[in-house]
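Structure first, then comments.
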Amino acid sequence: MDETRGLSPGETLVFTLNAGSSSLKFALFREDPDEDPERLATGVVEAIGPNARLRVTHADGGVAIDERPAGGIPNQAAALARVLGWLESFRPEAAAAAVGHRIVHGGPDLARPVRIDAEILDALARLEPLAPLHQPNNLAGVRAAMAAFPQAVQVACFDTAFHQSHDRLRQTFPLPLKYYEAGVRRYGFHGLSYESVVDRLGRQFPEVAAGRIVVAHLGNGASMAAIRAGRPVATTMGFTALDGLMMGTRSGSLDPGVLLYLLEVEGLSLPELTHMLYEESGLRGVSGLSNDLRVLEASAEPAAALAIEMFVDRAARAVGELAVVLGGLDALVFTAGIGENSARIRASIAERLAFLGLSLDPQANASGGPVISATASLIRALVVSTDEEAMIARHALAVLREVRTGTSAAPGRDSSARPEARRHRSGDFLC
Ligand code: ADP
């Protein structure tokens, strides 16, 4: 099917980019003045390197491209060039008016999506030590997109921004306070995913969105957020995306003494320790098999069972901790790859929370919800799919409108005096 038919040349297109360590996820949207942006296509370049694979899916689910180029795709810039080749054939006359980028870290100051210029790019590059595995790749994507779409407004959308309204109690580590001032604080991540879920809840289950909820973003990266009446109050990730829950390849929270021991006694170098904590720990490290939960669920190895048990145990304990922060719990919402797809993990987490009055409807859980709690359950449980790309597209269009109307705020400035800006300020968004 040719998705391009019937599109007018004057329409506004927005391209979203999520440049990871070994993948480039992208999507193309068309502005709809009265509705959410309409998704035209979604794609990913996976396993950037010798075995790279490019897949593009049209909005109707039809596969546009699925190929492994001979010789692979060496880096982000080459991946983007490949994607642009597809875009050229898909929409020969297309010129994206805005490119929205998922940027993992906005630091202490960038509290809302912002237009990227040279100054912002420098500021974001200075944050690279805070997210060494993500930020440099994100920025490589920005630079490649700036070169590829020189006319477009480039917009940074931060994974940290959603959590900026946490009070100081929840942002401060029990370290000498001078380190807080130096930026060593709990930032939180997965913010675009949480915004997306809160938005969907607000539309489909407003009574749930108005209460005390924990959103469990369980994917290869995993975290949870405590949200009261739409306002984020705490999250499990902290200074880096290593903290909190056990993840696919990341450790989650550790006794800091373990790190000292590994450095001092086991003699790991700093790069070795970093690699181990980000890439070789979590489900992969404990199971010795894989970071993919599907592989572990299908395995009879005791280490795979232990890894799953640990993942569930730590997730359930985190719900308990966040329920304390919220002073009670009205709903638990599962999202992301594991949260949306593994009925077994959802059931195991819920079992450990039965003492709080949570019980699932096994059939609803098996079929994926959206409501999966039993009628008699004191806490509702739901499965809500996250759509970070749609969130980025909305933010990018909002910034584009500000640029076009000359109302763009200074980066990070609290621009809540203006209704349009207020609507898109983190924490207030869509509440
Ligand atoms: P990320 O965006 O952090 O890379 P995702 O949210 O896409 O991760 O989640 C990916 C993970 O979800 C996979 O590694 C896999 O473990 C898990 N997953 C996906 N589908 C299923 C499924 N049907 N059953 C169990 N786990 C699944």
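The values are calculated or read from the model by the stated rules, or taken from the named source; none is laboratory data. Worth saying up front: this structure is predicted, and the values here are computed from it rather than measured. For neighbour counting, all protein chains shown are included, and Cβ atoms are generated from backbone atoms with ideal geometry for every residue, glycine included. Ligands, DNA and RNA are excluded from the accessible area calculation, which covers all protein heavy atoms including side chains. Shrake-Rupley method; radii C 1.70, N 1.55, O 1.52, S 1.80 Å.
What pairs come out if I take residues in the range 330-354 that are of a type in the set (F, W, Y) and pair them with residues that are part of a strand (DSSP E or B) and surrounded by 22 or more Cβ atoms within 10 Å (Cβ to Cβ) whose C-beta lies under 9 Å away, six or more apart or interchain?
F334/V215; F334/A216; F334/H217; F334/L218; F334/A381; F334/L382
Filter the range 266-298 down to residues that are of a type in the set (S, T, N, Q) and more than 16 Å from I345 (Cβ to Cβ), then give me how many there are.
Summing the residues that are of a type in the set (S, T, N, Q) and more than 16 Å from I345 (Cβ to Cβ) in the range 266-298 gives 3.
Tell me, please, whether a residue that is closer than 19 Å to R91 by Cβ and touching a residue at least 60 places away in the same chain (Cβ under 8 Å) can be found in the range 56-64. Steps first, answer last, please.
We begin by selecting, within the range 56-64, every residue closer than 19 Å to R91 by Cβ; these are 56-64.
Okay, now just the ones that are also touching a residue at least 60 places away in the same chain (Cβ under 8 Å), so 62.
Checking the range 56-64: at least one residue is closer than 19 Å to R91 by Cβ and touching a residue at least 60 places away in the same chain (Cβ under 8 Å).
Scan the range 266-276 and tell me whether some residue there is within 16 Å of the ligand (Cβ to nearest atom) and either of a type in the set (F, W, Y) or surrounded by 14 or more Cβ atoms within 10 Å (Cβ to Cβ) (or both). Walk me through it before giving the result.
Quick first cut of the range 266-276, residues within 16 Å of the ligand (Cβ to nearest atom) only: none.
No: the range 266-276 contains no residue that is within 16 Å of the ligand (Cβ to nearest atom) and either of a type in the set (F, W, Y) or surrounded by 14 or more Cβ atoms within 10 Å (Cβ to Cβ) (or both).
Among the residues of the range 322-331, is any exposed (fewer than 14 other Cβ atoms within 10 Å of the Cβ), outside any helix (DSSP H, G or I) and either within 16 Å of the ligand (Cβ to nearest atom) or at positive phi (or both)? Walk me through how you get there before you give the answer.
Taking the range 322-331 as the starting set, the residues that turn out to be exposed (fewer than 14 other Cβ atoms within 10 Å of the Cβ) are 324, 327-328.
Then drop every residue that is not outside any helix (DSSP H, G or I), which leaves 327-328.
This time we only want the ones that are either within 16 Å of the ligand (Cβ to nearest atom) or at positive phi (or both), so: 327-328.
Scanning the range 322-331 turns up at least one residue that is exposed (fewer than 14 other Cβ atoms within 10 Å of the Cβ), outside any helix (DSSP H, G or I) and either within 16 Å of the ligand (Cβ to nearest atom) or at positive phi (or both).
Exactly one condition in (1) of a type outside the set (S, T, N, Q); (2) in a strand (DSSP E or B); (3) more than 14 Å from the ligand (Cβ to nearest atom); (4) open to solvent by less than 10 Å² (accessible area, probe 1.4 Å) is false for V233; which is it?
(4)
What number of residues in the range 144-164 are under 26 Å from A216 (Cα atoms) and open to solvent by 40 Å² or more (accessible area, probe 1.4 Å)?
1
Could you list, in sequence order, the residues of the range 280-293 that are touching a residue at least 24 places away in the same chain (Cβ under 8 Å) and within 13 Å of the ligand (Cβ to nearest atom)?
Within the range 280-293, G282, L283, R284, N291, D292, L293 meet the criteria.
If G248 satisfies all but one of (1) open to solvent by less than 50 Å² (accessible area, probe 1.4 Å); (2) part of a helix (DSSP H, G or I); (3) near the ligand (Cβ under 10 Å from one of its atoms), what's the number of the condition it fails?
The one condition G248 does not meet is (2).
For residues that are part of a helix (DSSP H, G or I) and open to solvent by less than 20 Å² (accessible area, probe 1.4 Å), scanning just the range 339-363, find the one that is farthest from the ligand (Cβ to nearest atom). It would help to see each step written out before you state the result.
First pass over the range 339-363, keeping only residues part of a helix (DSSP H, G or I): 339-341, 343-352, 354-356, 362-363.
Checking the rest, the ones that are also open to solvent by less than 20 Å² (accessible area, probe 1.4 Å) come to 339, 345-346, 349-350.
Values: G339: 8, I345: 7, R346: 10, I349: 13, A350: 16 Å.
Step by step, filter the range 339-363, then rank; the result is A350.
Taking the conditions exactly as written (part of a strand (DSSP E or B) and touching a residue at least 12 places away in the same chain (Cβ under 8 Å)), does G100 satisfy them or not? Give the steps one after another, and end with the answer.
Details: part of a strand (DSSP E or B): yes; touching a residue at least 12 places away in the same chain (Cβ under 8 Å): yes.
Against the criterion (part of a strand (DSSP E or B) and touching a residue at least 12 places away in the same chain (Cβ under 8 Å)), G100 qualifies.
Spot the failing condition for G61; the list is (1) touching a Ser or Thr at 6+ places or on another chain (Cβ under 8 Å); (2) at positive phi, and only one is missed.
(1)
Count, please, the residues in the range 24-37 that happen to be under 20 Å from the mean Cα position of the chain (by Cα) and either surrounded by 18 or more Cβ atoms within 10 Å (Cβ to Cβ) or assigned to a strand (DSSP E or B) (or both).
So the answer is 7.
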